[in-house]
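Every read-out reported here was derived from the displayed coordinates using simple, explicitly stated rules and does not represent laboratory data. Note that the structure is predicted; figures quoted are calculated from it, not measured. Note that we place each Cβ from the backbone using ideal geometry, even for glycine, and neighbour counts take in every protein chain shown.
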């Protein structure tokens, strides 16, 4: 598979490495996002790349020395008893402007707690001859190393890069998919390069699901457990929370009950999972995240959402070879799963973009009870709501990931709901339908389709 996107990241890295002054660069993000591949894209012949593993300090130093010696043979006969000695020798013998990469840096720190202090001692005089890149998949540990004011490396990075998933539009282009196919596949593989690389080796979407995820010997069958092993903290509790979310428990109190913990015990793991971008908080449009009592928790990553919705609850069936039965569950509910992603893509497409002559702020869902035309309470939900930057207009949208429907009926229902919504009273309303397919009738309304949305996110 060709290298996909990361255009801005490569430009930022090259700018730092081409600087006349030595740079200290920190890169982190969950496993499988292509951090190491990105780094290798910008390395030169004399640069040294070392990927750490779970070894003792002496072994780590020997392996790094071997990596250095492959570029600078003089290192082969040397002996070092400390990180400071090894790195000082490298600084003296390397070509000026060389880059040293310490990948999976948390493994090095676990084998030698004083290593960050050693690096601080070398970085502070600003007289290094080499650029230093540290990289890691343990997000919490990397965050602590560079964002905690009590840590030696705090505030010393010239560039801190947190890699996220790659946008759906790049995968559409890379695999030659239609926009509808891209949304369907993205609902499982998300924006993670390694998952798409594995998907590429299979003949079809269904084959990929069967071989990679549904098969107990599949590469991604136990993927979440592998991801959480990179992180410090209660991995068992992380898994329990994700399982509860996959089972539909989205309120704070519901989650606590589902995992058998007090609400006070759940705040920290929820905060950690949010910071690692595995889950997200959702609050209704127009309400304060700090003050509202309507906060919901959702799984943020498409693959993890798919996994904890369909795979985790059915592992016992999969273990005894009942994959066809699980496939049946997936086929029956897959459109609902894709529909949830479609809503989020539509919200993202509107947020910060210019549409229908107006610039829009962040789009959100809205849900709540109102009094309807008959004076009876009615539960309302809007899929996309966004305020214009001049605060005069409100975009209100309905998302449908289903076969063709009647646009006139959808628009009429959306207008009725908007008339009841308390948040919409002071705005001029722009109604939008976000549809998978052309409607069955003509209606005087704004419609956006997958081709539009995929290009906007």
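Structure notes:
- Dimensionless Rg ratio for segment 7-162, taking C-alpha atoms and the 2.2 N^0.38 Å reference: 0.96
- Residues 437, 104, sorted so that the one with the fewest Cβ neighbours within 10 Å comes first: 437, 104
- In the chain, the DSSP-assigned H stretches of four residues or longer account for a calculated mean residue ellipticity at 222 nm of -12500 deg cm²/dmol, using -39500 (n - 2.57) per stretch and the full residue count as denominator.
- For segment 408-434 versus segment 1-29, the gap between their alpha-carbon centres in whole angstrom: 45 Å
- With Cα atoms, 0 to 90° folded angle of helix 179-189 axis to the chain main axis: 60 degrees
- Option label - P(r) over Cα pairs in 20 Å bins from 0, in percent computed here, alternatives (1) 25, 55, 20, 1; (2) 21, 49, 26, 4, 0; (3) 20, 41, 29, 9, 0: (2)
- Translational D in µm²/s for segment 351-456 (Stokes-Einstein at 37 °C, 0.692 mPa s, Kirkwood Rh from C-alpha pairs): 227 µm²/s
- Degrees, to the nearest 10: 83-93 long Cα axis against longest axis of the chain: 80 degrees
- Nearest-0.05 FRET efficiency for residue 406 and residue 114, computed from C-beta distance (R0 41 Å): 0.05
- Rg and Dmax, both from the Cα atoms of segment 280-382 and both in Å, are 18.3, 57.
- From least to most packed, judged by other beta carbons within 10 angstrom and beginning with the fewest, 39, 71, 430, 27 follow the order 71, 430, 39, 27.
- Over segment 241-280, the alpha carbon radius of gyration divided by the compact-protein estimate 2.2 N^0.38 Å works out to 1.03.
- Inter-centroid distance (Cα atoms) of segment 298-320 relative to segment 85-137, Å: 40 Å
- Listing 317, 86 from fewest to most neighbouring C-beta atoms within 10 Å gives 317, 86.
- Label zone at residue 449, where the point sits 7 Å out along the Cα-to-Cβ direction: segment 337-356 residues whose backbone N lies under 11 Å: none
- Within the chain, percent of DSSP bridges classed antiparallel, to nearest 5: 40 percent
- Against the chain, whose longest principal axis is taken from its Cα atoms, helix 323-350 shows a tilt of about 90°.
- In range of the label at residue 62: residues from segment 70-109 whose backbone nitrogen is under 15 Å from the point 7 Å along Cα→Cβ: 76-82
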